[in-house]
1. Does residue 209 count as part of a loop (DSSP other than H, G, I, E, B), farther than 30 Å from residue 67 by Cα, more than 22 Å from the chain's Cα centre (by Cα) and touching a residue at least 24 places away in the same chain (Cβ under 8 Å)?
2. Could you check, for the stretch 373-393, whether at least one of its residues is out of contact with any helix residue (DSSP H, G or I) (no Cβ under 9 Å at 6 or more places or on another chain), among the acidic types (Asp, Glu), without any contact (Cβ under 8 Å) to a residue 24 or more places away in the chain and open to solvent by 60 Å² or more (accessible area, probe 1.4 Å)?
3. Exactly one condition in (1) within 15 Å of the chain's Cα centre (by Cα); (2) buried (at least 22 other Cβ atoms within 10 Å of the Cβ); (3) modelled with pLDDT of 95 or more is not met by residue 341; state its number.
4. Suppose we filter the stretch 23-75 for residues that are among the β-branched types (Val, Ile, Thr), open to solvent by less than 10 Å² (accessible area, probe 1.4 Å) and under 27 Å from residue 154 (Cα atoms); how many remain?
5. Being open to solvent by 30 Å² or more (accessible area, probe 1.4 Å) and either in a helix (DSSP H, G or I) or in contact (Cβ under 8 Å) with a residue 12 or more places away in the chain (or both) narrows it down to one residue among 306, 258; which is it?
6. Of (1) open to solvent by 50 Å² or more (accessible area, probe 1.4 Å); (2) within 22 Å of residue 47 (Cβ to Cβ), residue 268 satisfies all except one. Which?
7. Which residue is nearest to residue 267 (Cα to Cα), if the candidates are limited to the stretch 212-240 and must be among the β-branched types (Val, Ile, Thr) and open to solvent by 20 Å² or more (accessible area, probe 1.4 Å)?
8. Somewhere in the stretch 77-86, is a residue more than 30 Å from residue 252 (Cα to Cα) and open to solvent by 50 Å² or more (accessible area, probe 1.4 Å)?
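The values are calculated or read from the model by the stated rules, or taken from the named source; none is laboratory data. Predicted, not measured: the structure shown is a model, and the values here were computed from it. Virtual Cβ from ideal backbone geometry, glycine too; neighbours counted across all protein chains shown. Note: accessible area is taken over every heavy atom of the protein model, side chains too, but ligands, DNA and RNA are not part of it. Shrake-Rupley method; radii C 1.70, N 1.55, O 1.52, S 1.80 Å.
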Amino acid sequence: MRTTVGIIGAGPAGLLLARLLHRAGVDCVVLESRDRAYVEQRQRAGILEQGTVDVLRECGAAERLDREGLPHQGIELRFEGRGHRIDFPAATGGKAVTVYAQTEIVKDLVRLQLADPGGPPLLFGAEALAIEKPDSGAPVIRFRHEGREATLSCDFVAGCDGFHGIARRAVPADRVRTFERAYPYSWLGVLADVPPSCEELIYARHQRGFALHSMRSPQVSRLYLQVTNGTDPADWSDERIWDELSARFALDDGGRWALERGPITAKSVTPMRSSVQEPMRHGRLFLAGDAAHIVPPTGAKGLNLAVGDVVTLARALAHHHTTGSTELLDDYSATCLARVWQAERFSYFMTDTLHRHPEQSPFEDRLQIAQLDRIATSRTASAELAENYVGLPLS
């Protein structure tokens with residue numbers, strides 16, 4: 001097979017990149033190791049920045065998002081038994097976020113790509129085995145599909161296959177620097193068939209640990225608890241989870257707010273970590289999304305960073321296609337990393353401010369509360385949080 005851009009991975013990054021390239025007249029092929037059913041069921045992020053929503057609309061992939069997505073104008077911070085709302089539009093000139101699960105974005109993009117008779121090929125069950133000669137002018141992707149090995153020759157390779165994929169490992173170790181941080185706690189996440197007990201997300205800092213109340217739809221709640229690393233979800237009964245969530249979300253309001261309970265349909269534990277690989281390019285191999293960087297989910301940045309990467313890469317590839325210039329491609333890594341590190345900073349701030357370290361001192365407790373008080377009482381501090389949460393500009 002031969003194409004201009006070989007894309008490894010059919011998550012939101014790879015699929016959106018294919019959509020953007022197709023609309024710009026740049027041919028590509030998408031290779032995905034899993035089958036379609038698996039890809040469309042992977043549970044991931046659910047908060048879309050304003051810029052992400054705008055991009056999906058511009059490329060014709062937001063019909064269902066606009067119909068079913070849940071626009072959110074703010075979030076609530078809870079600490080010391082009280083709540084404080086951050087008003088996003090007031091602090092950012094009208095910007096907001098939208099709750100719409102990553103699984104739904106993937107379904108929308110897959111449907112669009114397969115429904116377009118002239119669209120780029122999308123091969124499920126195509127496991128990328130190696131990227132050969134990425135630093136040459138003619139890289140080749142070796143892959144296995146339907147029991148046979150094949151090759152995809154291309155001008156450029158986009159590694160959108162995540163942290164455990166082959167793309168990031170195709171860069172020689174002496175050509176990269178990796179910056180990492182592991183946190184001493186994890187999230188126990190649950191899906192519950194119960195309408196959300198709030199209209200907007202609640203981020204709670206509590207002496208017993210962090211809690212987050214989110215949602216997937218008007219009928220499905222998504223909730224998280226800070227737990228110790230190595231926690232087995234099976235050790236947490238439904239009743240224990242609801243009791244702990246109720247305790248951490250509790251307000252000193254005389255019982256006017258209560259957490260609604262319902263059947264828990266899924267439980268999982270997510271370790272908290274940060275990782276950035278620099279640079280995000282090796283020759284004609286470009287890394288995007290989790291293949292280049294990981295953020296803790298507290299700041300809701302993972303999916304949105306991936307969108308920022310592929311928008312930048314698509315723009316650079318389209319510019320090269322029309323002009324022959326490599327200027328934007330040469331700037332790709334530096335352009336993306338500037339935004340990545342701002343997202344890492346914000347995610348670290350949110351994580352460090354809202355979670356309790358296992359060995360946290362009373363002094364550090366007071367610092368966290370002082371920081372949250374500052375956000376609750378200062379327009380400047382509140383606006384800083386809002387501007388980062390709704391998303392920095394994609395360009």
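1. yes
2. The answer is no, given that none of the residues of the stretch 373-393 is out of contact with any helix residue (DSSP H, G or I) (no Cβ under 9 Å at 6 or more places or on another chain), among the acidic types (Asp, Glu), without any contact (Cβ under 8 Å) to a residue 24 or more places away in the chain and open to solvent by 60 Å² or more (accessible area, probe 1.4 Å).
3. (2)
4. Selection size over the stretch 23-75: 4.
5. 258
6. Residue 268 satisfies all of (1) open to solvent by 50 Å² or more (accessible area, probe 1.4 Å); (2) within 22 Å of residue 47 (Cβ to Cβ) except (1).
7. Keep residues of the stretch 212-240 that are among the β-branched types (Val, Ile, Thr), which gives 220, 227-228, 231.
Subsequent filtering for residues that are open to solvent by 20 Å² or more (accessible area, probe 1.4 Å) retains 220, 228, 231.
On the way: 220: 14, 228: 15, 231: 11 Å.
Checked the stretch 212-240; the qualifying residue nearest to residue 267 (Cα to Cα) is 231.
8. Checked the stretch 77-86: no residue is more than 30 Å from residue 252 (Cα to Cα) and open to solvent by 50 Å² or more (accessible area, probe 1.4 Å).
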